[in-house]
Amino acid sequence: MVLGTREHRQWKIRTAHGSNIVELGAIITIMTVIVLFCINAAVVLMAGNINDRACRDAARAAAQASTSTSAQQQAQAALKTYTSSNSFVGNPTFSSSDFVYEDFAGNPPPDTSPFVSVTTTLTAKIPAPAFWGMTFGSSGNIDMKQTYSFPIVKTQLYLN
């Protein structure tokens, strides 16, 4: 092929088009991975934020109660405001096994105040669960757990 001939110019044009397609394919692949990672991160951040706010509000509501039973009921009622129809983020649930209501029977030790501790859990479904062989939990789910403690506001007063 002689430089400057018609065939040489056509060959250069075909080669340039082929390399553009290869570059475009590589960029699309990299951008797809980045976008899927960002979507996963957004779901995890959103679920963590919802669980954090729900646990804090449940603990605050439980701290307003004067008995352990009513504190648990108040915490569960506060969690009902966080029900969602989101297919990726579940509803926060109250963990009664981790619930602590310590009022010290109205006689707390020195430098200690009565408190309530509430734990909530939330399950988030990851939209694109696998990256290079990594998986998130069972079947692409992440379980989040949050605990908050608040001082009990209304305590019973026991007079001797």
Review point. So is residue 120 closer than 23 Å to residue 147 by Cα and of a type outside the set (D, E, K, R) or not?
Key: yes
Check your understanding: Do you know which residues across the stretch 95-125 are crowded, with 20+ Cβ neighbours inside 10 Å and over 20 Å from residue 152 (Cβ atoms)?
Key -> 122, 124
**Study point:** Residues of the stretch 31-65 satisfying the condition of being acidic (Asp, Glu) and assigned to a loop (DSSP other than H, G, I, E, B)
**Key:** none
Check your understanding: Mind checking which pairs have a first residue in the stretch 103-126 that is within 21 Å of residue 67 (Cβ to Cβ) and a second that is surrounded by fewer than 17 Cβ atoms within 10 Å (Cβ to Cβ) and hydrophobic (A, V, I, L, M, F, W, C), Cβ under 7 Å, 6 or more apart or different chains?
Key -> 106/157; 114/104; 116/100; 117/100
Review point. Quick one: is residue 110 in a loop (DSSP other than H, G, I, E, B), at pLDDT below 90 and in contact with a Ser or Thr (Cβ under 9 Å, 6 or more places away or on another chain)?
Key: no
Exercise for review: Filter the stretch 84-94 for residues that are at pLDDT 90 or above, in a loop (DSSP other than H, G, I, E, B) and surrounded by fewer than 20 Cβ atoms within 10 Å (Cβ to Cβ) and give the result.
Suggested key: 88, 91
Point to revise | Hits in the stretch 44-76 (condition: in contact with a Phe, Trp or Tyr (Cβ under 6 Å, 6 or more places away or on another chain), surrounded by fewer than 19 Cβ atoms within 10 Å (Cβ to Cβ), of a type outside the set (Lys, Arg) and touching a residue at least 40 places away in the same chain (Cβ under 8 Å)) | key: none
Exercise for review: May I ask you to verify whether residue 73 is at pLDDT 95 or above and under 23 Å from the mean Cα position of the chain (by Cα)?
Suggested key: no
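The values are calculated or read from the model by the stated rules, or taken from the named source; none is laboratory data. Because the structure is predicted, anything quoted here is derived from the model rather than measured. All Cβ positions, glycine included, derive from the backbone under ideal geometry; neighbour counts span all protein chains shown.
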